[in-house]
Every structure is written in C-alpha cells, then in structure tokens.
Amino acid sequence: MISSRKANSVPYTAGKAVIEPMDTQQVRRRYDEMADNWRLLGIVDSLMLINRLRKKHIGTASGAVLDVACGTGENFPYFRYSSSITAVDLSAEMIDEARRRRDQLGIAVDLVVGDAQALPFGDDTFDTVVSALSTCTIPDYVSAFHEMTRVVRRGGRILLLEHGRSSVGWVARRQDHHLDRVYARSACRNNRDVGAELTEAGLAPVSSVRSHLGTVNRITIQG
C-alpha cells in the first residue's frame, strides 16, 4: 500500500520554475522507460568519482543488507561485508537490469519489485539499509525514511549517499535554474535540502559529510 501522505501534492519551486510533482505511478513509468540506458550513467559516475564514494560509504554495509531503490544495481560491487543482500526497486524494468548485473558479478542478491514508501519487509529485518542517489525521486520521502528505520534492526545503520542543494552559491543557483529539465527527465529533485528532509522525518544523522561542491551527502543514521 502506498502512503496517503500528501507530500507530493505541493509544487516544487526553484527560481522562476514551478514544477508539478510526479506521483508514484508516473515515477515508476519514467524509470521503466529509462532502464535500458540507465547503466550508461555509470560512465558519468566514474568521471565524477561517485563510485569512489559508493565504495567508501555504501561499501561499509555489513550483515543482512537492504538496498532501497537499487536501480540497476550500481551498489552491488561494493557489498563486501554482507551476509545477505536484498535489493528493492519500484521499477520492474530496473530490477531486470539489476538481475543482469547481479549475474555478471556472480553474487547472490534477492531482487524485489517494491515501493520504498511501503517496504514489503517486516520490522527489524536488516542490519544495514542503504540508499544511493535515489530518495530525490520518491514522492513521499518522509514515508520512505520512516520505512528504512522500521526495517533496520536496533543498533543497525542506515547509509545514505544523496545529492542535494549545493552549499556553494553559484552551484545552487545553477541547480535551481535547471531543475525543471532535470525533474522532467528523471523525476530528480537535485536541489533538495537533504538535511531538512531528514529533520522533517524526525531523523538525526550521527554523521554527515559533503563533497562535490557541496552537492553530495554521505549520511549515517543509527537504527
């Protein structure tokens, strides 16, 4: 069941742009359409050294791991310390691509089509929950954060690698200026205030580190 919270009912504004948010079904369709070409963005990740951040941050995940909004499995190569891996994504087409990556890597990953806003797992199921560059696309991000805290065991960790509004003025202004095009293409709110969203969800990170001109956040939350 998808949350009934009205978080996605208010238009996003950035500069002069007013953007009507996509609902969950629209986001699913958009990522179904993009799945075939999504792995090409791995080239961009490499050029921007995002994969190094995946290895440094997401790569510390241990025990029973849940990868939320896993996309095509970009995090899979870095789960070195896991005893089991489960990956969930809203898009069945993305899950198909993630299955190909899993098989190429020769690792065991349980792949599930499911909604981050209402995760299909019991309470206290995982030792580590991770999500990378994904909650920017989730209409009800507060419910998604609450779901992550629900399924992680007490004493476990939530590891987020997220992009958001830059702490550098001219970069932030460019993010605002181009948000309408970025959002139309990939349902991504790349100028969001990640810290404010976590506060709205009642979550207090134990660590938060910025990089890439203040646009990328490495966040750890204690379960």
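Of note:
- Mean residue ellipticity, 222 nm, helices only, the chain: the sum of -39500 (n - 2.57) across DSSP H runs of n ≥ 4, divided by residue count and rounded to 500, is -11000 deg cm²/dmol.
- Mean separation of Cα contacts under 8 Å, 6 or more apart, over the residue count of the range 79-126: relative contact order %: 43
- Label-point gap, in nm, between E33 and R80 - each point 7 angstrom along Cα→Cβ: 4.0
- Least to most buried among L161, L119 (fewest other Cβ within 10 Å first): L161, L119
- Overall, the range 137-196 carries a charge dipole of about 180 debye about its Cα centre when +1 sits on the Cβ of Lys and Arg and -1 on the Cβ of Asp and Glu, all other atoms neutral.
- Dipole moment magnitude, nearest 20 debye, the range 59-185 about Cα centre, only Lys, Arg, Asp, Glu C-beta charged: 460
- The angle between the Cα long axis of helix 141-151 and the main principal axis of the chain comes to about 20°, on a 0 to 90 degree scale.
- Computed extension length for H178-E200: 5.4 nm, one decimal, from 0.36 nm per residue of separation with the Cα-Cα distance subtracted.
- Simple label model, 7 Å out from Cα along Cβ direction - S208 to T125, nm: 2.8
- Alpha carbon centroid spacing (whole Å) that separates the range 144-182 from the range 98-124: 21
- Cα-based convex hull volume of the range 148-223 per residue, rounded to whole Å³: 94
- Distance (nanometres) between label positions extended 7 Å along Cα→Cβ at Q25 and R154: 4.1
- Relative to the dominant Cα principal axis of the chain, helix 24-38 is inclined by about 70°.
- When the convex hull of its Cα atoms is viewed from all sides, the chain shows a mean projected area of 11.1 nm².
- Normalised by the number of residues in the chain, the average gap of Cα pairs under 8 Å and 6 or more apart makes the relative contact order 20 percent.
- Computed as a quarter of the hull surface, the mean projected area of the alpha carbon convex hull for the range 68-126 stands at 3.9 nm².
- Seen against the Cα atoms of the chain and their longest principal axis, helix 92-105 is set at about 50 degrees.
Computed from the coordinates by the stated procedures, all read-outs in this text should not be read as laboratory data. Just so you know, these numbers come straight off a predicted model, no measurement behind them. Virtual Cβ from ideal backbone geometry, glycine too; neighbours counted across all protein chains shown.
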